[in-house]
Amino acid sequence: MKSREENFIYTPYTSEELLNMVSLREGEKRLGENVVSEEQKKFVIFGIEESVGPVANLGKPGAEGGFAPFVSTFLNIQANRFLLGKGVKIAGRISALNRFSDLKKNRVLVEELDDFVLEVLNKHVGPNQIPIVIGGGHNNAFPLMKFSAQRLKKGINVVNLDPHADYRKHEGRHSGNAFSYAFQQGYLEKYHVIGLHENYNSEEMLSRLEKDGHYFTIFEDYLAGQANINEDFLNVCKENMKKPLGVELDMDSIIDMPSSARTPSGMTLERARIYLKTVSNVEKVAYLHLPEAAPSTTQENIAVGKSLTYLVSDFIKTVNKRELIK
Ligand SMILES: N=CN[C@@H](CCC(=O)O)C(=O)O
């Protein structure tokens, strides 16, 4: 299946392809062996292999490479009492076939991608299923919010752990304005963005976040001990306990994570895990989105694959635990 101008393609996984990525070991069960089962699926995972969004935001390419190391790592973790993986489906991936050198053309390309991601989600996510989208730029938050708002018939609340608010002007689509476009179009109601870096958010954007009634916290306030990050995670969870919540984690919030906006100062992976475990503990998660990882070496592939796997498995375990408690 291709997008309208044929600049993107969706390729579903076959069970055989997925099983080929699993290294079997006698006496053990790997997650991939259960992921291919015929059981009812609660979580549907999609990869997005593109970096047109970050490039259209004047950033660096590489986000097309985040998903592949995730899949091979995730399929090979242990299936055990903590996570069996039978309720998880790895559906397929959207890949970019083109990118231009012209900024305007790339921003139009992002619109084509927005529509294509929405089409794929509409086609492959059932009524009670939760989509998990991995890889690509933060631009793909827009179709995820649109998909969720359309199926719930109202704008949703979203939480994002991110040094950048991605609430830039409506200047053509890119990875830095998914949330401002979604708010303008009524798909996003209240935006909670946690851990903004003082140095990387324009005054104009911060003022607009305030004017539009959103909630944001500053990373440096946590460093100075003027705010408590775990309390802020918990407060977002409590405020959204009974509302459908979109959960976003920009991989560039994590210290040294290979990405377009790689940072030497930021969240530890452990803090990011606590974030996901806390904010996902609401009654209805609309989706999980983990964009922006951009590995370029073998070592970086390992780091990205394992980091994404910890985060996705934490998320699934948190949602599963809630369902069992109910
Ligand atoms: N989604 C990320 N957005 C950031 C990062 C830009 C970059 O790639 O360098 C932003 O718009 O500021």
If you average the C-alpha positions of segment 24-61 and of segment 144-180 separately, how far apart do those two centres end up, in angstrom? 22 Å
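Give me the net charge of residue 161's neighbourhood, meaning all other residues with Cβ under 11 Å from the Cβ of residue 161; Lys, Arg count +1, Asp, Glu -1.
Details: positive: 271, 273; negative: 162, 232, 248, 250, 252.
Computed value for this residue: -3.
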Set of lysines with alpha-carbon distance to residue 169 below 28 Å, sequence-local pairs under 8 removed: 60, 104, 105, 146, 153, 154, 190, 211, 243
Between residue 296 and residue 152, how many nm apart are label points set 7 Å from Cα along the C-beta direction? 3.8 nm
Calculate the radius of gyration of the Cα atoms of segment 241-288 to one decimal place, then report Dmax, the largest Cα-Cα distance, as a whole number, both in Å. 12.4, 36
Give the aspartates and glutamates reachable from residue 123 as a straight Cα distance under 13 Å; neighbours fewer than 8 places away on the same chain don't count. 115
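Multiply the residue separation of residue 228 and residue 1 by 0.36 nm, subtract the distance between their alpha-carbon atoms, and state the gained length in nm to one decimal.
Numbers: separation 227, 0.36 × 227 = 81.72 nm, distance 4.63 nm.
Full extension of this stretch gives 77.1 nm more.
Per residue, how much accessible area does segment 8-325 show when a 1.4 Å probe rolls over the protein heavy atoms, in square angstrom? Don't skip to the end; give the middle numbers.
Values: 13490 Å² over 318 residues.
I get 42 Å² per residue for this part.
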Kindly provide the helix-only [θ] at 222 nm of the chain, computed as the sum of -39,500 (n - 2.57) over DSSP H runs of four or more divided by all residues, to the nearest 500 deg cm²/dmol? -12000 deg cm²/dmol
Give me D for the chain in µm² s⁻¹, whole number, from Stokes-Einstein with Rh from the Kirkwood sum over alpha-carbon pairs, 10 °C and 1.306 mPa s. 81 µm²/s
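Run the numbers for residue 98 and residue 17: contour at 0.36 nm per residue of separation, minus the present Cα-Cα distance, in nm. Don't skip to the answer; put the middle values down first.
Numbers: separation 81, 0.36 × 81 = 29.16 nm, distance 2.49 nm.
This chain segment gains 26.7 nm when fully extended.
So which GluC sites (Glu not before Pro) in segment 24-89 are both in a DSSP loop and have at most 16 other Cβ atoms within 10 Å of their Cβ? Could you put the intermediate results ahead of the total?
Details: sites: 26, 28, 33, 38, 39, 49, 50, 64; in loops: 26, 28, 38, 39, 50.
Passing both the DSSP loop test and the Cβ count: 26, 28, 38, 39.
The values are calculated or read from the model by the stated rules, or taken from the named source; none is laboratory data. Bear in mind that the values here come from a model prediction, so they are computed numbers and not experimental data. Please note: Cβ atoms are built from the backbone with ideal geometry, for glycine as well, and neighbour counts cover all protein chains shown. In case anyone asks, the SASA skips ligands and DNA or RNA and just uses the protein heavy atoms, side chains included. Shrake-Rupley method; radii C 1.70, N 1.55, O 1.52, S 1.80 Å.
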